[in-house]
Each structure stands twice: as structure tokens, then as C-alpha cells.
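In what follows, a structure is listed as C-alpha cells, so that the remarks can point back to it.
The values are calculated or read from the model by the stated rules, or taken from the named source; none is laboratory data. Computed from a prediction, not measured in an experiment: that's the story for all the values here. Using ideal geometry, Cβ is built from the backbone for each residue, glycine included, and neighbour counts are taken over all protein chains shown. All accessible areas refer to the heavy atoms of the entire protein, side chains included, with ligands and DNA or RNA removed. Shrake-Rupley method; radii C 1.70, N 1.55, O 1.52, S 1.80 Å.
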Amino acid sequence: MKTSHSTQRLVLLITIALVAITYIGRLFYLQVIEDKYKLSADENVLRRIIDYPSRGLVYDRNGKLLVFNQTVYDLMITPREVKEMDTAEFCSIIKISIEDFRKKFQKAKNYSPYRSSIFEKQISAETYGTLQEKLFKYKGFSVQPRTIRKYPYNTAAHLLGYLGEVDENVTAKNNYYQMGDYIGISGIEQSYEKELRGRRGTRYMMVDNFNREKGRFKEGKYDTLAISGENLKLSLDAELQEYAELLFQNKRGSAVAIDPSTGEILAMVNSPTYNPNLMVGRERSRNYGRLLKDEDKPLFNRAMMAYYPPGSTFKIINSLIGLQEKVITPETYFSCAGGYRVGNIFVHCHPHSSPLDLRTAVAVSCNSYYCQTFRGVIDNRKYNRTEDAFDAWRNYVLSFGIGKKIDVDMPHELRGNVPTVDYYNRFFGKGRWKSSTIISLAIGQGELGITPLQMANAACIVANKGYYYVPHIVKEIGYKHYLPELFKKKNYTLVDPKYFDAIQDGMEWVFERGTARGSRVDSLVMCGKTGTAQNPHGKNHSVFFCFAPRENPKIAVAVLVENAGQGAHFAAPIASLMVQKYLLRTIKRPDLEKRMLDAVIVPMANDSTVLDD
């Protein structure tokens, strides 16, 4: 029994000794060996400073600098360290009221009395210079440098995008970000956020009792370096973009230009637009509020987020479907007696020669010809049911990148709309509809919806005789050529390439003898198609798409001008001028240019492009 008690006592003593040794060893490690834990104990003499990296610069395809960085300063506060001070003088320096000071102080205190947070964002270099001389008088305050974006050309606002402060949703999902950080909200700033943002660094500085920096703690042993973001080289042509935006002054709408041989986006115009410099700096919130309330909706990206009836431009796609389905040939003739009639349904057409073949139908945009073609596709007897024929037609349309996202490398892309069998079955009843019921689809009206980006992509498909590359805006990241496999792949339609020659003939005739002959340029062989998109809310929209030159095409353009009437009146001249600017670097039709620059279709009551910075 005595031996048993002795053993238990020995075990207890050994256990106590081991625990004691463990605690002593851990304390020795924390207090003597591992200095980093000393940081939290030394907060009264140390300041943790975040070094925000320079965000990547952005250039156009020709090396023009589109976006650069400008240094500003965030004024930081640690509430528990703030002592009695001359509040009036302090507020005067940073240009805020005493009431604002109290609100900001309370907000910082509610966040944390012990942790540093932003008191005033993005003060200018001039204000910082004044404040720096007197900062020792304001204990608890420090200054943290960071950069904001600047835009020397004041162009391509929707494409470039803007930055905004992260919220709790972002920080909860991504631990890289902290409250007060900025993140890309739209455009390439959002889609290429990871590449542009770089990686932040941290410095630990010693400060004296006057809150003045006295050097780095442990000679920077625990500092981490900030790594600048990658520069981006875009496919955008800044000169073409600026020119197209000029042509759109006092007009609403959009224009998109793409290189068919690569899928590179050359221009993306939204009108009305805004000066991108309005979305940076201390006035950003106020400017954003003004732009958001503007009745002209300058923040709305029409090129990617609005869809319209394609109008007669869609006749090109219906032509190709008809050829593939063998319900027409290029030599098929149809008569037109002022329109297309079946039962009580009548689709009006404008005066022109009759009968006419496919090429001429494209050139003069005959409604009757395309109603006959559409009827042949939907009522084709090789299909057992109308629904089967319509599904086949719809699949052809989808293969042209319409009615689905085409995965462009920018956010907020809409898919457009191509109606389904289920939609018509719900609307008309199963088995109670046929080609005549939905005949408006023959001429690009009805339930069809297409974005200007998709329209430009469709022009690329016709230029390439049956395929497209996914449109994209970035050419290079850093010093490396950037082209993921997604952008190298040819995406083919369901239409055989052999059918495109006749369609290109007709589109060339559009300029030579057809609806866009008024926008013809002697030195260029262009192929295009006019359209007038019906608008139930007012005057019709002017629509046009084209590509040039016909052989080895270098540019495809889609233009939509809201409430501007026929495609030949405004959309075609603007597209022609954009082609001239890009291919010739000069304007061969100054008469067209003057008419477009002078035209006032929608006077902008609140011209957001000229708001003060």
C-alpha cells in the first residue's frame, strides 16, 4: 500500500514539473525568442502601416495610356490615442465641419477604439503637405498613402469601369480584402481585378510620444513588400473610341467594333456616357448619386446590357437559314406586291422592283421575300410538327451567338432573347400557332432581342463566312501576350460556309445600289445591312451592321441609334465613318461627318459627359 502511494506521488510531481516546464518554455519563447508577439504589446510605440500597391496601368492597342495612378492619402485614426486638440484648426486643414468631425470620430470609435481605421478618405497631396507639418499636434491620427485612378482621355467609361469600396459581403467571401479597400466594380476593373490589384505590403514603424515616425521596427524584419499590379494592354483603339463617342453626341444608343480575324474589340460606345474621372476621389459618392439619378441613364451599358429588336439586319441570318434548309437558293425569286399577305395578316413593304432574287432582296431589304423564306423554314414538311421546325430555326439563331452569352471578358453581359417553343405554346396554345402567327420574326421583330455586342459579333460571322472568335478586350497582361484558349477557338455556326458568298454579294450591293448607298466610300469595299427596329415607346431605332473590306476583313461594326428612324439615316453613316477612321485614318466623306456631328436627335438636358471633376 505504501509503495502504491509513493508511485502516485511521484507521477503527480512529474506531471506538475512537466506542466511547469512547458509554461516556462512557452513564455521564454514568446518573450525572448519570438519578437512578433511583442508587436501587440508595443502598440503604443508602433504603427502598422499598409502599403497599397500601385494598381496596374491600362494602355490601348497602340500604346496610349488610358488609365494611370495618382497618389492621395487616407487620414487614419486610432480613437483611444486621440488627445485634446485644436479641433477647429484640424477641420480647417482637411476641409470638413466640426459636426462631420464628431460623426467620423464616433463612427471610428464604434468600429474599434483600439484599431486604426479611415477617418477621411483620399485627401489631396496639397492637403497632406499642410497636415504633415502639424500632425504631431494631433495624436491618434496618421496618414496612409494610396493611389486613385486617372483617365487622360475621358473616354470608354463603361468599358474601363471604376473602383468602389468593399463592403462586408466582399470581406466575408474573400479574406484578401479589408474594410476600406477598393475593388473593381465594373468594366475591366472588375473582370481583371486580380491582375490589376497587385498585393499589399505592411510596414511596422516606431513612433515617439509626438506621434512622429522614428524608423522601422527591427529594421523591417516583419515588413512585407507591396507588389504592383500587372499592366494591361487592351485591343481598344483609343482614337476610334474617341471619334465614335464624338459622333454619338446628342444621340442615345451604342456602337461596337470588332476585328473579325481575332475577336478583338476595337471600340465600344455607349451614349450618353460620363467622364470616368467623376468616379474617383472624394467627390465620387456625390457624382455617382448625380449620375444614378440622371434621366439619360449615363451609367447604363447599352452595348452589353440592353437588347433591341435587330430589325432588318436579322434578314441576313434568316437568309442563311433558308439557304441551309434548302427552302431557297440565291436564284430563288419571290414577288412583292407592296408586302406579304396571308389570311388577315399583312406585312407592309416599301416600293421596289419585283420579282427579285436573294441578292437583290438583301440590297433593297424586301420584307415580302423574307416572310416567304421564313414560311418555307417553319412550314417545311420535312419536320413532323411546327414546333420541331421552329426548334431547328432557333438552334440556327443560337449558333450565331444570339440569345446566349458569348463569354466576353467583361462583366454584366446579357444573353438577349430568342423565344422558345414553350413560350409560344403558353401564349397561343399548344399546336395553335404556325409561321403566319409569328411572322414578325422573319424581319427581326417580335420577341427577338439582341445586344449591340451580339450584333457586331454577327457581322463578324458573316465576314468570316460562318464562324467567330469570342470577343475580348485584353491583348496583353504585363509583358506577356494574353490569349486564353477560349479566345483562340473558332466557334462555328450551323450554316455551311458555301452559302455566305451570295449573302456577301447582297451586302456589298447594299452600299453599291441599295439602302445604304448614301454612306458609300469609293475607296472601300464594304458589306452591310440596314435595319429599322420597331419601338413601341416612340420613334423607331436606326440599326446597321457592316464589315470591311470584303476580302480579308479587318473591322466589323454594329450601330444602333435610338429613336432615329431608318437605318440608312443615322446608323449607316456612323458605321461608315467609323470604318473610314479605323482603316484609312482619315475621313473620305466629310459631308457625312458634318451631318452626324450636327444632328441633335435627343438633346441631353443634363450632359453627364461635361460634369465638373
Quiz prompt | Extent along principal axes [Cα atoms of the stretch 446-570; Å; largest to smallest] | solution = 46, 33, 30
Exercise. Over the stretch 158-229, average the accessible area per residue using a 1.4 Å probe and give it in Å², no decimals.
Key: 55 Å²
Quiz item: Taking the convex hull of the alpha carbon atoms in the chain, what volume per residue do you get, in Å³?
Solution: 252 Å³
Quiz prompt | Reachable lysines, given that their alpha-carbon falls under 19 Å from the alpha-carbon of Lys103 and they are not under 8 places away in the same chain | solution = Lys83, Lys95, Lys121, Lys139
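Compute and list, largest first, the equivalent-ellipsoid semi-axes of the stretch 298-415 from the alpha carbon gyration tensor, each √(5λ) rounded to a whole angstrom.
29, 19, 13
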Practice problem: Assign unit charges at the C-beta atoms only (+1 for Lys and Arg, -1 for Asp and Glu), then state the dipole size of the chain relative to its Cα centre in Debye, rounded to the nearest 20. | Solution: 1320 debye
Quiz item: Between Arg286 and Asn395, what is the FRET efficiency for a Förster distance of 35 Å, r being their Cβ-Cβ separation, to the nearest 0.05?
Solution: 0.10
Exercise. Give the carbon-plus-sulfur fraction of the accessible surface of the chain in %, rounded to a whole number; probe 1.4 Å, heavy atoms of protein chains only.
Key: 51 percent
Self-check item: Nearest-20 debye value, the stretch 46-170 charge dipole, Cβ charges on Lys, Arg, Asp, Glu
Solution: 220 debye
Self-check item: Cα centroid separation, the stretch 146-200 to the stretch 325-354 (Å)
Solution: 53 Å
Quiz item: Whose amide H sits under 5 Å from the amide H of Tyr59, counting only residues 5 or more places off or on another chain, with H placed in the peptide plane?
Solution: Leu66, Leu232, Lys233, Leu234
Self-check item: Theoretical gain in end-to-end length, Met305 to Arg415 [0.36 nm per residue, Cα-Cα removed]
Solution: 38.7 nm
Exercise. Evaluate E = 1/(1 + (r/R0)^6) for Lys107 and Leu10, where r is the Cβ-Cβ distance and R0 equals 51 Å; express this FRET efficiency to the nearest 0.05.
Key: 0.25
Quiz item: How far apart, in nm, are two points set 7 Å out from the Cα along the Cα-to-Cβ line at Tyr479 and at Arg341?
Solution: 7.4 nm
Exercise. Would you calculate a helix-derived [θ] at 222 nm for the chain, using -39,500 (n - 2.57) for each DSSP H run of n ≥ 4 and dividing by the full residue count, to the nearest 500?
Key: -10000 deg cm²/dmol
Quiz item: Tell me, what HN-Hα J-couplings in whole Hz come from the Karplus equation 6.51 cos²θ - 1.76 cosθ + 1.60 at θ = phi - 60° for each residue of the stretch 419-424, using x for Gly and Pro?
Solution: x, 10, 4, 4, 4, 5
Self-check item: Whole-number D in µm²/s for the stretch 362-476 (Stokes-Einstein; Kirkwood sum over Cα pairs; 20 °C, 1.002 mPa s)
Solution: 137 µm²/s
Quiz item: Given a 1.4 Å probe, how much area per residue of the stretch 441-490 is accessible, in Å²?
Solution: 34 Å²
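What accessible area per residue comes out for the stretch 493-565, rounded to a whole number of Å², with a 1.4 Å probe? Don't skip to the end; give the middle numbers.
Details: 2690 Å² over 73 residues.
Value for the stretch 493-565: 37 Å² per residue.
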Quiz item: How much length is gained on full extension from Arg48 to Val170, taking 0.36 nm per residue of separation minus their Cα-Cα distance?
Solution: 41.6 nm
Exercise. Mind giving me the nanometre distance, one decimal, between the label points for Arg80 and Ile96, set 7 Å out from Cα along Cα→Cβ?
Key: 2.2 nm
